[in-house]
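Enquirer: One structure is given below, represented as structure tokens, and several questions about it will come after.
The values are calculated or read from the model by the stated rules, or taken from the named source; none is laboratory data. From a predicted model like this one, the values you see are computed outputs, not experimental measurements. Cβ coordinates were reconstructed from backbone atoms using ideal geometry, including for glycine residues, and neighbour counts include every protein chain displayed. For the accessible areas, the whole protein counts, side chains as well, though only heavy atoms, and no ligand, DNA or RNA atoms are used. Shrake-Rupley method; radii C 1.70, N 1.55, O 1.52, S 1.80 Å.
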Amino acid sequence: MAPTRRPSDGLLARVNFPLYAVDMLTSRHILVAGGGGSSKTGVANGFEIYELYHNGSHFCAEEVLRHETGANVVMNFAVRNNGRRGYLCAGQEAHCQMYFVQPRIETEEDGDNKPNPVERPHENGNVRQRGGGGGGAGAAHSGVEFIANGHKPPTTADDLLKQFQRLRFDIQAADVVQTDFLKSSEPLQRVVRISGNGRLMATGGTDGKLRIWSFPQMQLGAELPAHSKEIDDLDFSPDSKYIASISKDSQGLVWDLSTGKLQHKLQWQTPEGSKYLFKRCRYGTVEARKDNYRLFTITNPLGKVGKQRGYLQHWDCASGKLRQAVAIDESLSSLAVRDDGRFVAVGTMFSGSVSMYIAFSLQRVLHIPHAHSMFVTGLQFLPITNEEGPPISSDTEAAVLSISVDNKVCIHSLAQRRTIPVWLAIAFMIVMIFAVFVLCSYIGI
């Protein structure tokens with residue numbers, strides 16, 4: 001049985017607006033986005049950046065930057081780092097707004113000029129405010145208060161953060177392009193993705209068309225009439241040769257980017273002939289090999305839910321056939337795959353729960369019931385590769401971030417699973433060989 005964790009253990013931060021998207025800006029910086037929309041509710045729209053670290057007993061986060069986007073709520077985004085500068089492509093209504101994210105090392109002058117933060121207590125005290133900061137127009141800090149929560153960190157947060165160079169970020173608005181053109185109602189970009197090689201950007205929205213753009217120029221290269229209804233999710237294959245698209249028309253499709261033609265149509269035998277809709281899709285590498293990968297999807301029953309369950313599915317990329325599927329007791333809302341392809345995580349629609357699975361077997365290894373009070377809007381694994389800097393050192397085997405419209409940013413970690421030591425396995429084999437030899441001698445074989 002998968003271990004179960006108390007949901008409050010994973011709380012990192014609570015912001016003052018609903019959250020819709022999460023990603024890693026660097027190997028140790030979290031970027032979350034959302035907002036209350038254009039209505040005059042007083043709920044902000046924008047981004048929050050947190051620096052994540054492990055203090056020896058649990059994960060902690062320090063607020064680095066808050067960047068508000070005025071009346072434009074951020075429903076989806078994609079990030080890409082080129083070493084010197086980051087690109088942030090955010091879905092705002094029917095448009096995709098690009099931002100330049102410029103990192104810089106914090107100087108002593110930055111620290112000397114820090115204003116006193118406005119205190120806003122967080123639920124578990126794992127988040128602390130880093131005062132001051134650039135961020136361009138619309139940038140602001142929300143302010144937090146560091147409160148003990150029953151944990152006794154081995155050192156102070158400042159001591160831990162001094163062990164490495166601390167980054168600050170400046171965010172500047174750049175180009176913007178319209179990416180959805182629905183005529184019967186209000187157009188809306190639902191998803192944006194950037195290919196692994198950093199050359200392409202894909203967008204999908206309410207008009208059902210899959211658009212491929214050059215990146216970072218954001219010039220339209222191809223427009224595919226992929227679906228008859230709005231697109232819910234997209235994902236590039238790790239080798240940037242294919243892209244998967246899923247939609248409310250119940251279709252799951254895989255496209256060849258070199259030809260623009262349909263490669264596979266995802267089809268499966270639904271339980272009792274019920275109708276299911278694909279909700280999310282993600283590619284994952286096999287043993288960190290970009291030329292060998294899997295495709296994962298989550299599907300939900302359409303209409304009357306009753307005792308019908310959602311499914312986590314693994315598809316063969318060569319044939320487009322379903323290889324494995326596991327049933328989950330409720331509808332699913334979010335999906336993530338770790339950068340090395342070893343683990344998969346799903347979030348649920350009704351209970352706000354998060355679960356982690358081994359990718360090749362779909363065996364559940366961690367379950368966090370009621371991690372959020374509402375549906376999980378986004379999941380993101382902490383990276384373990386070092387393409388964008390060294391990963392965070394911790395005593396966990398895997399850790400996944402989760403967000404929700406309940407305004408919470410949480411982290412859920414899988415403890416190192418116990419295995420038999422190599423010396424014990426060798427000793428056991430020697431004893432077994434000796435026992436077999438003695439037995440054979442005794443019976444005269």
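Enquirer: Just one of Q324, Q267, Q313 is at pLDDT 95 or above, among the polar types (S, T, N, Q) and farther than 26 Å from G196 by Cβ; which is it?
Expert: On inspection, the qualifying residue turns out to be Q267.
Enquirer: Mind listing just one residue for me: the one in the stretch 352-361 that is open to solvent by 10 Å² or more (accessible area, probe 1.4 Å) and part of a loop (DSSP other than H, G, I, E, B) and, of those, nearest to G196 (Cα to Cα)?
Expert: F360
Enquirer: What is the one condition in (1) buried (at least 22 other Cβ atoms within 10 Å of the Cβ); (2) within 16 Å of P225 (Cβ to Cβ); (3) in contact with an Asp or Glu (Cβ under 7 Å, 6 or more places away or on another chain) that Q189 does not satisfy?
Expert: Unmet for Q189, out of (1) buried (at least 22 other Cβ atoms within 10 Å of the Cβ); (2) within 16 Å of P225 (Cβ to Cβ); (3) in contact with an Asp or Glu (Cβ under 7 Å, 6 or more places away or on another chain): (2).
Enquirer: Residues to consider are I420, I392, I443, I426; find the one that is open to solvent by 30 Å² or more (accessible area, probe 1.4 Å), touching a helix residue (DSSP H, G or I) at 6+ places or on another chain (Cβ under 9 Å), modelled with pLDDT under 85 and at negative phi.
Expert: One residue alone meets the criteria, I420.
Enquirer: Read through the list (1) in a loop (DSSP other than H, G, I, E, B); (2) modelled with pLDDT of 95 or more; (3) of a type outside the set (A, V, I, L, M), then give the number of the only condition that E48 fails.
Expert: Among (1) in a loop (DSSP other than H, G, I, E, B); (2) modelled with pLDDT of 95 or more; (3) of a type outside the set (A, V, I, L, M), E48 violates only (1).
Enquirer: Further question on the same structure: State whether the residues of the stretch 196-213 include one that is open to solvent by less than 30 Å² (accessible area, probe 1.4 Å), under 20 Å from G341 (Cβ atoms) and not polar (S, T, N, Q).
Expert: Yes: the stretch 196-213 contains one or more residues that are open to solvent by less than 30 Å² (accessible area, probe 1.4 Å), under 20 Å from G341 (Cβ atoms) and not polar (S, T, N, Q).
Enquirer: So which residues in the stretch 56-84 are outside any strand (DSSP E or B) and open to solvent by 10 Å² or more (accessible area, probe 1.4 Å)?
Expert: G56, S57, H58, T69, G70, A71, N72, V73, M75, N82, G83, R84
Enquirer: Evaluate the following for R6: is it modelled with pLDDT under 90, charged (D, E, K, R) and open to solvent by 40 Å² or more (accessible area, probe 1.4 Å)?
Expert: Yes.
Enquirer: Consider V177 against the criteria (1) surrounded by fewer than 21 Cβ atoms within 10 Å (Cβ to Cβ); (2) under 19 Å from A336 (Cβ atoms): it satisfies all of them except one. Which criterion is unmet?
Expert: (2)
Enquirer: Applying the selection to the stretch 208-244, what residues are more than 20 Å from Q97 (Cβ to Cβ) and of a type in the set (S, T, N, Q)?
Expert: S228, S237, S240 - these are the residues of the stretch 208-244 that are more than 20 Å from Q97 (Cβ to Cβ) and of a type in the set (S, T, N, Q).
Enquirer: Kindly indicate whether any position in the stretch 378-386 is among the small types (G, A, S) and either farther than 23 Å from L234 by Cα or surrounded by fewer than 17 Cβ atoms within 10 Å (Cβ to Cβ) (or both).
Expert: No, because not a single residue in the stretch 378-386 is among the small types (G, A, S) and either farther than 23 Å from L234 by Cα or surrounded by fewer than 17 Cβ atoms within 10 Å (Cβ to Cβ) (or both).
Enquirer: Out of the stretch 265-280, which residues are open to solvent by less than 30 Å² (accessible area, probe 1.4 Å) and either closer than 13 Å to W315 by Cα or not in a loop (DSSP other than H, G, I, E, B) (or both)?
Expert: Passing the criteria: L266, Y276, F278.
Enquirer: Same structure again: If M218 meets every condition in (1) farther than 24 Å from V337 by Cα; (2) in a strand (DSSP E or B) apart from one, which number is that one?
Expert: (2)
Enquirer: Something else about it: Among the listed residues Y87, Y20, which satisfies the condition of being out of contact with any helix residue (DSSP H, G or I) (no Cβ under 6 Å at 6 or more places or on another chain), surrounded by fewer than 23 Cβ atoms within 10 Å (Cβ to Cβ), among the aromatic types (F, W, Y) and closer than 20 Å to T377 by Cα?
Expert: Answer to the check: Y20.
Enquirer: Which condition number in (1) touching a residue at least 40 places away in the same chain (Cβ under 8 Å); (2) farther than 30 Å from S274 by Cα; (3) under 23 Å from the mean Cα position of the chain (by Cα) is the one that E186 fails?
Expert: Just one mismatch for E186, condition (3).
Enquirer: Can you tell me which residue within the stretch 298-351, out of those that are in contact (Cβ under 8 Å) with a residue 40 or more places away in the chain and either on the phi > 0 side of the Ramachandran plot or aromatic (F, W, Y) (or both), is surrounded by the fewest Cβ atoms within 10 Å (Cβ to Cβ)?
Expert: G320
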